[in-house]
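The values are calculated or read from the model by the stated rules, or taken from the named source; none is laboratory data. Model, not experiment: these values are computed from the prediction. Heads up, the Cβs are rebuilt from the backbone with ideal geometry, glycines too, and the neighbour counts pull from every protein chain shown. Just so you know, the surface numbers come from the protein's heavy atoms only, side chains and all, with ligands and any DNA or RNA stripped out. Shrake-Rupley method; radii C 1.70, N 1.55, O 1.52, S 1.80 Å.
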Amino acid sequence: MSILLEDKQRAFADLRDIKANLAARGWFPATSGNLSVRVGGFEPDAFTFAITSSGRDKSVQTPEDFLLVNEKGQPTEATSLKPSAETLIHSEIYRLTGAGAIFHVHTIFNNLISELYWERKSIPVDGVELIKAFNIWDEEAQIEIPILPNYAEIPRIPELVEGAIIPRIPGIVLRKHGIYAWGANAFEAKRHLEAFEFLFEYVYRSHLLHKGNE
């Protein structure tokens with residue numbers, strides 16, 4: 001698939017802006033997390049996306065922060081950079097959803113909430129206003145955000161993604177790891193990510209409040 005230079009530059013610029021924004025919130029501790037944006041056209045079995053390179057300090061900007069990979073997670077250009085170890089998870093989400101961008105961060109609250117509701121295998125959210133960020137407009141809407149196991153053998157995780165995705169919920173959580181949030185473009189994926197993080201903190205603090213009143 002031929003990628004125009006301007007499309008690549010636009011994708012890298014989007015990632016650079018998002019990376020700086022999320023790094024300022026402390027959402028990339030110890031080089032964790034990864035970001036990607038789809039580049040050019042899309043077919044379920046043939047697509048290209050830009051993704052953060054592995055092991056970089058995301059609080060700084062360098063010329064080696066991003067690279068292009070194909071649907072198999074392989075670099076499409078000659079490079080010494082390595083894509084994130086979790087690139088295949090991004091690839092599977094793109095294949096299944098047709099998303100335009102996927103953002104993955106590690107935070108205290110998305111780790112805590114994933115453990116709190118691990119046995120349920122989903123995080124329940126009941127009637128919170130920010131559910132509307134997912135274009136769910138039901139009054140007192142109730143949603144369940146899926147949780148997947150965090151295997152040390154990362155290729156085992158993409159195999160579970162298809163069975164976990166809920167069409168109206170643009171995200172999945174890995175247990176004691178972090179959230180993958182996606183959207184049609186970088187703006188929408190960022191909005192979804194921010195909503196998820198708000199909801200995780202709300203649900204966890206609500207749990208503590210009710211537990212303290214027992």
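At a glance:
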quantity: Tally of residues being open to solvent by 10 Å² or more (accessible area, probe 1.4 Å), small (Gly, Ala, Ser) and part of a strand (DSSP E or B) across region 152-192; calculated: 0
quantity: Test: residue in region 114-133 that is within 15 Å of the chain's Cα centre (by Cα) and charged (D, E, K, R); calculated: no
quantity: Failed item, numbered, when GLU86 is tested on (1) at pLDDT 95 or above; (2) in contact with a helix residue (DSSP H, G or I) (Cβ under 7 Å, 6 or more places away or on another chain); calculated: (1)
quantity: Hits in region 136-151 (condition: surrounded by fewer than 17 Cβ atoms within 10 Å (Cβ to Cβ) and not in a loop (DSSP other than H, G, I, E, B)); calculated: GLN142, GLU144
quantity: Pair list, Cβ under 6 Å, 6 or more apart: region 193-208 residue over 14 Å from ILE169 (Cα atoms) and open to solvent by 70 Å² or more (accessible area, probe 1.4 Å), other residue at pLDDT 95 or above and assigned to a helix (DSSP H, G or I); calculated: PHE198/LEU130
quantity: Among the residues listed as GLU162, GLU140, GLU188, the single one being among the acidic types (Asp, Glu) and more than 17 Å from the chain's Cα centre (by Cα); calculated: GLU140
